[in-house]
1. From (1) surrounded by fewer than 18 Cβ atoms within 10 Å (Cβ to Cβ); (2) assigned to a helix (DSSP H, G or I); (3) within 14 Å of ligand 1 (Cβ to nearest atom), pick out the condition that doesn't hold for Val55.
2. Looking at region 22-52 only, could you name the residues that are within 19 Å of Val76 (Cβ to Cβ), open to solvent by 40 Å² or more (accessible area, probe 1.4 Å) and assigned to a loop (DSSP other than H, G, I, E, B)?
3. Between Lys7, Lys27, which is within 19 Å of Gln227 (Cα to Cα), within 16 Å of ligand 1 (Cβ to nearest atom) and of a type in the set (Lys, Arg)?
4. How about region 176-208: which of its residues are in a loop (DSSP other than H, G, I, E, B), open to solvent by 60 Å² or more (accessible area, probe 1.4 Å) and either within 13 Å of ligand 2 (Cβ to nearest atom) or of a type in the set (D, E, K, R) (or both)?
5. Suppose the filter is modelled with pLDDT of 95 or more, within 16 Å of ligand 1 (Cβ to nearest atom) and either in contact with a Phe, Trp or Tyr (Cβ under 8 Å, 6 or more places away or on another chain) or open to solvent by 10 Å² or more (accessible area, probe 1.4 Å) (or both); does Gly143 pass it?
6. Quick test for you: out of Ala107, Ala111, pick the one residue that is open to solvent by 30 Å² or more (accessible area, probe 1.4 Å), under 26 Å from the mean Cα position of the chain (by Cα), touching a residue at least 24 places away in the same chain (Cβ under 8 Å) and more than 15 Å from Val26 (Cβ to Cβ).
7. Is it true that Tyr66 is within 16 Å of ligand 1 (Cβ to nearest atom), aromatic (Phe, Trp, Tyr) and crowded, with 20+ Cβ neighbours inside 10 Å?
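The values are calculated or read from the model by the stated rules, or taken from the named source; none is laboratory data. Computed from a predicted model, the values in this text were never measured in an experiment. Please note: Cβ atoms are built from the backbone with ideal geometry, for glycine as well, and neighbour counts cover all protein chains shown. Keep in mind that these areas ignore ligands, DNA and RNA; they rest on the heavy atoms of the full protein, side chains included. Shrake-Rupley method; radii C 1.70, N 1.55, O 1.52, S 1.80 Å.
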Amino acid sequence: MARIVIKFGGTSVADVEHIRMIAHRVKAEVERGNHVAVAVSAMAGTTNQLVDYAVEAATLYDLREYDVVVSAGEQVTAGLLAIVLQDLGVPARSWLGWQIPIETSDAHGSARIERIETADILRRFEEGQVAVIAGFQGVDTQGRITTLGRGGSDTSAVALAAALNAERCDIYTDVDGVYTCDPRIVPQARKLDKITYEEMLEMASLGAKVLQTRSVEIAMKHRVRVQVLSSFADTPGTFVVDEEEIVEQAIVSGITYSRDEAKITLTSVPDEPGAAASIFGPLADAAVSVDMIVQNVAADGKTTDLTFTVRKADLARAGKVLEDLRASLGYADLRADANVVKVSVIGVGMRSHAGVAQSMFMTLAEKGINIQVISTSEIKISVLVAEEYTELAVRSLHAAYGLDQV
Ligand code: ASP
Ligand code: MG
């Protein structure tokens with residue numbers, strides 16, 4: 001008998017009617033003779049509401065209590081799905097994170113799964129029972145409830161699939177797969193049948209919101225076959241798989257954009273050993289993560305400008321840290337710009353093909369889009385451009401790399 005893990009996102013469990021619909025999918029999987037564990041999200045909108053409550057209760061809230069509050073949505077859906085399954089004659093029970101337990105770090109609000117105890121679930125599989133598991137939550141070594149960061153029920157599902165050695169992890173959402181680009185911006189975007197773990201990891205971390213980044217890391221590490229598909233359609237989705245499984249690998253598989261970027265430029269930074277360390281060290285201490293960085297050689301041999309990006313939410317904090325250190329860092333001016341977008345081109349084919357960056361730069365140049373910062377890895381090229389060019393940049397790149405639907 002195969003073990004299958006199925007995850008349902010918030011829109012798939014938006015109300016009891018929807019829960020009944022997806023329960024039929026679970027039932028069908030059971031009738032195919034599979035052992036099934038289901039990970040559920042909170043009903044659409046619920047987690048946002050719970051976050052708002054926590055913020056309203058106190059601006060500087062205790063993160064341990066925040067986790068108690070925001071994890072509550074998944075408890076409701078897990079119980080409801082178990083009730084509906086039982087009503088359909090499918091033996092099922094709900095599990096909260098701490099009951100399994102799903103052991104996590106104590107980084108409240110963004111905890112990492114460390115271990116999942118599977119003995120009880122496996123024993124109940126043998127009795128024919130479906131395990132309905134509250135996603136997004138776990139328990140730390142102190143016995144306190146933790147959550148895995150927004151979108152974390154993807155990670156619950158993939159980690160469960162790894163722990164249970166599942167044949168497949170089906171992630172049901174409201175889109176029918178992974179697209180070459182966000183279809184809301186590029187109507188010509190195509191659904192991919194398959195995508196490699198590495199590309200999916202880049203896409204998730206560069207702005208595609210279909211899977212939580214951490215879930216892809218776990219899938220890649222444990223070689224979990226993940227399928228992203230829609231609970232509102234009966235078509236196969238996109239499989240996230242090993243590179244060897246993809247016969248005809250495109251050079252570029254997808255284009256992403258992220259508006260969650262802000263640019264900081266420090267002018268006339270002394271060009272001397274230790275300058276970068278004394279800027280980025282304090283930022284790291286303030287939990288500001290820095291993404292793209294450019295620094296030029298000093299034309300006068302003494303000072304140079306330094307530009308880098310941070311998350312939009314961290315811009316004010318980063319600015320404060322740098323202002324406070326202005327005297328010791330010795331820069332002339334701090335310029336902040338939140339009006340930027342990071343556009344990225346992703347594909348494992350870049351490893352073996354030259355010229356991918358050049359076509360990106362040419363395409364943007366032809367549209368008169370100025371590139372402010374560039375960063376690359378083996379399989380991606382990212383550029384920072386003014387936010388107003390988001391659509392134009394993304395659409396023209398999509399066409400230039402031959403990704404448009406024909
Ligand atoms: N309900 C949580 C959230 O909205 C977890 C998830 O849906 O994946 O972030
Ligand atoms: Mg999600």
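1. If we test Val55 against (1) surrounded by fewer than 18 Cβ atoms within 10 Å (Cβ to Cβ); (2) assigned to a helix (DSSP H, G or I); (3) within 14 Å of ligand 1 (Cβ to nearest atom), just (3) comes out false.
2. The answer is Met43, Ala44, Gly45.
3. Being within 19 Å of Gln227 (Cα to Cα), within 16 Å of ligand 1 (Cβ to nearest atom) and of a type in the set (Lys, Arg) holds for just one of Lys7, Lys27, which is Lys7.
4. The answer is Arg184, Arg190, Asp193.
5. Values: modelled with pLDDT of 95 or more: yes; within 16 Å of ligand 1 (Cβ to nearest atom): no; either in contact with a Phe, Trp or Tyr (Cβ under 8 Å, 6 or more places away or on another chain) or open to solvent by 10 Å² or more (accessible area, probe 1.4 Å) (or both): yes.
Spelling it out, it is not the case that Gly143 is modelled with pLDDT of 95 or more, within 16 Å of ligand 1 (Cβ to nearest atom) and either in contact with a Phe, Trp or Tyr (Cβ under 8 Å, 6 or more places away or on another chain) or open to solvent by 10 Å² or more (accessible area, probe 1.4 Å) (or both).
6. Working: Ala111 fails: open to solvent by 30 Å² or more (accessible area, probe 1.4 Å).
Every option except Ala107 fails the conditions.
7. Here the answer is yes, as Tyr66 does meet what is asked.
Quick grid of which residues meet (1) out of contact with any strand residue (DSSP E or B) (no Cβ under 7 Å at 6 or more places or on another chain); (2) surrounded by fewer than 15 Cβ atoms within 10 Å (Cβ to Cβ); (3) within 20 Å of Leu206 (Cβ to Cβ); (4) touching a residue at least 12 places away in the same chain (Cβ under 8 Å):
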| position | (1), (2), (3), (4) |
| --- | --- |
| Met292 | no, no, yes, yes |
| Gln295 | no, no, no, yes |
| Thr304 | no, no, no, yes |
| Thr309 | no, no, yes, yes |
| Lys312 | no, yes, yes, yes |
